[in-house]
Amino acid sequence: MRSWPRQTTLCSASVSRRVCRPTRSHLRAIYPDEYEHVYEGMCRQAVTGAIYRNELLAADKEGRICRVPYDASKPVDTFWDLGYFDNVSIWLAQSIGFEFRFKGMS
């Protein structure tokens with residue numbers, strides 16, 4: 001009968017680095033957000049497949065998402081997403097001058 005090593009599933013550190021390095025660099029080049037989630041431990045900032053995901057991430061990086069004051073003299077518009085097999089989303093916004101200020105959602 002043949003005897004097998006006790007730890008057949010574990011690789012040495014050098015083998016692991018050789019195998020994982022191409023995968024990590026490929027993931028970093030093709031899917032940088034997924035790379036940050038898997039290898040850097042960062043939380044996902046948006047749901048994969050979200051329609052405006054890239055636009056919202058770019059706006060956040062550029063500092064265009066911030067707190068804005070509420071203007072009681074202007075009306076608040078609501079935008080409804082009735083959804084399909086999920087929760088209803090209601091966005092609250094004010095149009096002031098050339099700015100469109102989103103106040104929140106519920």
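Bear in mind these aren't lab numbers, they're just calculated from the coordinates by the rules spelled out. Because the structure is predicted, anything quoted here is derived from the model rather than measured. Don't worry about glycine lacking a Cβ; one is built from the backbone with ideal geometry, like all the others, and counts go over all protein chains shown.
Between Trp80 and Asp33, the FRET efficiency estimated from the beta carbon spacing at R0 = 22 angstrom works out to 0.15. Label positions at Leu92 and Ala59, each projected 7 Å from the Cα along the C-beta direction, are separated by 1.7 nm. Computed from the C-beta positions of Lys103 and Thr23 and an R0 of 35 Å, the FRET efficiency is 0.20 to the nearest 0.05. Between amide H atoms placed 1.01 Å from N, distances below 5 Å from Ile96 occur with Arg101, all of them 5 or more places distant or on a separate chain.
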